[in-house]
């Protein structure tokens with residue numbers, strides 16, 4: 001019944017291991033470090049945990065609530081929103097997402113001007129959308145594990161980003177992690193003389 005957990009957790013584990021670009025590059029050089037990151041994230045990570053999600057959706061499991069047209073529409077809408085956020089973020093950072101290096105420059109434009117991790121924000125939307133489309137016990141477990149993984153992955157990536165880009169510390173202080181601020185901080189008024 002919970003066989004989907006094997007590829008899900010293995011994929012998340014490899015994806016998490018991809019968050020150490022700085023370490024791999026110091027140990028094996030820029031090119032090999034980049035290749036290790038690509039292998040962990042793009043070959044052994046994302047495809048494997050996506051397989052786990054697919055298995056969670058297809059494996060018979062008790063429904064947690066009755067699905068209706070509203071939950072289905074909401075789920076598909078959240079998947080679409082998450083996908084658009086992810087695509088916009090990937091378009092902004094291009095190759096940096098798939099093949100980071102120690103020479104990467106900090107990106108603060110597009111969605112990255114409002115949140116530090118828009119790809120993870122989009123993935124949160126997608127996990128909730130998948131659960132609404134298939135509200136089973138398996139999908140609840142898979143999506144909940146996925147949300148916990150995002151929190152851990154983000155933290156590990158930020159440790160790595162701080163090592164690769166010293167200016168990331170200031171960026172962390174001014175830009176929220178996942179959710180944009182609804183109100184901008186008002187500029188302090190200057191004294192008129």
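Remind me, relative contact order of the chain in percent, using alpha carbon pairs under 8 angstrom and six or more residues apart? Intermediate results must be reported in sequence, preceding the final value.
Details: 263 pairs, mean separation 51.9, N = 193.
Once normalised by length, the contact order is 27 percent.
Rounded to two decimals, what ratio of Rg to Rh does segment 1-83 give with C-alpha atoms and a Kirkwood Rh?
Numbers: Rg = 17.3 Å, Rh = 14.8 Å.
Rg/Rh for segment 1-83 comes to 1.17.
Could I have the simple spin-label model distance between residue 151 and residue 5, label points 7 Å from Cα toward Cβ, reported in nm to one decimal?
It works out to 1.9 nm between the two label points.
I'd like the per residue volume of the convex hull spanned by the Cα atoms of segment 10-51, given in cubic angstrom.
Details: hull volume 1.8 nm³, N = 42.
Per-residue hull volume (Cα only) is 42 Å³.
Starting from the Cα of residue 101, step 7 Å along the direction of its Cβ; do the same at residue 42; then give the gap between the two resulting points in nm.
1.3 nm
Identify which of 100, 60, 118 has the largest mean-square fluctuation in a Gaussian network model of the chain, with springs joining Cα atoms closer than 10 Å.
Among 100, 60, 118, the largest mean-square fluctuation in the Gaussian network model of the chain belongs to 60.
Angle check, please: helix 69-93 long axis (alpha carbons) against the longest principal axis of the chain (alpha carbons), in degrees 0 to 90, nearest 10.
Taking the Cα atoms of the chain, the angle to 69-93 is about 30 degrees.
Using only Cα atoms and rounding to the nearest 10 degrees, what angle (0 to 90) does helix 137-164 make with the longest principal axis of the chain?
For helix 137-164, the angle is close to 20 degrees.
Could you state the orientation-averaged shadow area of the convex hull built on the Cα atoms of segment 132-187, in nm² to one decimal?
5.7 nm²
Convex hull over the Cα atoms of segment 39-95, averaged projected area in nm²?
Reported value for the Cα convex hull: 5.3 nm².
No lab work stands behind these numbers, since they all come straight from the coordinates. Because the structure is predicted, anything quoted here is derived from the model rather than measured. Every residue, glycine as well, gets a Cβ built from its backbone with ideal geometry; the counts of neighbours run over all protein chains shown.
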